[in-house]
Amino acid sequence: MILGAHEGIAGGVSRAFERAELDTAQAIQIFVRNPRGWASKPIEDEEVERFRSEARRTGMPSAAHSIYLANHAAADPELRVKSWGALADELGRCEQLGISFLVFHPGSNADVDGAVKLVAEGMERAIDAVKGKARLLVEITAGQGKSLGWRFEQVAAIREAVPGAARRRVGVCFDTCHAFAAGYDLSTPEGYASTFRAFDEVIGLEHLKAFHLNDCKKPLGCRVDRHEHIGEGALGREPFRLLVNDPRFESLPGFLETEMRFRENLDVLRSMRR
Ligand SMILES: [Zn+2]
Ligand SMILES: [Zn+2]
């Protein structure tokens, strides 16, 4: 696995690379617009150039994480359309910056079947609006409240609800904390094996494009999204040791989202490599 971290963009998106270098990360995940508001200025051409040149200089692969305000399955049409618009805007920014993946949470709605269709429609609109190669990655969620995407079946259904040509630009991001919180017990070797067997049967491992590497503050099946430092939570060290040594995931990026102590967490992960 290529070990990376979610880095800040204060001072411009291009600044994330130098922060990653200080943290000894080898890949970056960033926000490509203000994550706390709906309004966001376009990225200036000079900043796009700086980002691309930093990407070349460091050789780091990159991903973007979508804003948290969005709900692509919202029952309220105004919020839904605003969310879909933000997704298309962010995918456009990824294309502009040369970022391969836009990771996003599908959204929430009590009606699961209806929600799957709504999310897929928003994804199709974004992909149709932004020509290019950048992919949308549906993130496995913790299943907090009415949020969608905590069962592999739901993630597979979302992917499959996106029509043919657009579906080629849809992949999946596996968050270790979220999957565990959702009830997938990857904390033991047996549980790890059966979790990825189920992922392969239901979604297909070929669609897995990135990881979020987070330990989980709360116990298995808690349905609560609280990240913990690697090895210090309910997941413990074992699943991370298995992940960093798993040849199936050798070329995939894995991003820490613990917000602090990235360097220390990366050292822990590297120390587990055989
Ligand atoms: Zn996320
Ligand atoms: Zn999370």
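What follows is calculated from the coordinates using simple rules that are stated; it is not laboratory data. A quick note: this is a predicted structure, and the numbers were derived from the prediction, not measured. All Cβ positions, glycine included, derive from the backbone under ideal geometry; neighbour counts span all protein chains shown.
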(request) With a point put 7 Å past each Cα toward its Cβ, work out how far SER271 is from GLU78 in nm, to one decimal. (result) 5.3
(request) Subtract the Cα-Cα distance of ASP111 and GLU250 from 0.36 nm times their separation in residues, and report this length gain in nm to one decimal. (result) 46.3 nm
(request) Springs between alpha-carbon atoms under 10 Å, Gaussian network over the chain: tell me which of ARG261, ARG226, ARG159 tops the mean-square fluctuations. (result) ARG261
(request) Provide the three semi-axes, in whole Å and in decreasing order, of the ellipsoid equivalent to region 1-130 as defined by the square roots of 5 times the Cα gyration tensor eigenvalues. (result) 29, 15, 12
(request) Take the Cα of ALA129, step 7 Å along the line toward its Cβ, and report every residue of region 155-186 whose backbone nitrogen sits under 13 Å from that point. (result) none
(request) Name the long-range amide H neighbours of ILE230: under 5 Å, sequence gap of 5 or more, or other chain; modelled H, no Pro or chain starts. (result) ASP215
(request) Determine Rg/Rh for the chain; Rg is computed over alpha-carbon atoms and Rh is the Kirkwood hydrodynamic estimate from the same atoms. (result) 0.94
(message) As a test of the formula, what do you get for the chain when each DSSP H run with n ≥ 4 contributes -39,500 (n - 2.57) and the sum is divided by the residue count, at 222 nm and rounded to the nearest 500 deg cm²/dmol?
(response) -12500 deg cm²/dmol
(request) Just list whichever of LYS146/LYS218; LYS82/LYS218; LYS82/LYS131 have alpha carbons separated by over 28 Å in the model shown. (result) LYS82/LYS218
(message) Can you tell me which of VAL138, VAL202, VAL170 moves the most in a GNM of the chain? Springs connect C-alpha atoms under 10 Å apart.
(response) VAL202
(message) I need to check one value: relative contact order of the chain, counting alpha carbon pairs closer than 8 Å and at least 6 residues apart, in percent.
(response) 18
(message) At 0.36 nm per residue, and after removing the present C-alpha to C-alpha distance, how many nm does the segment from VAL224 to ARG263 gain when stretched out fully?
(response) 11.5 nm
(request) Enumerate the aspartates and glutamates that LYS133 could reach by cross-link, defined here as Cα to Cα under 18 Å, with residues fewer than 8 away along the same chain left out. (result) ASP89, GLU90, GLU95, GLU124, GLU206
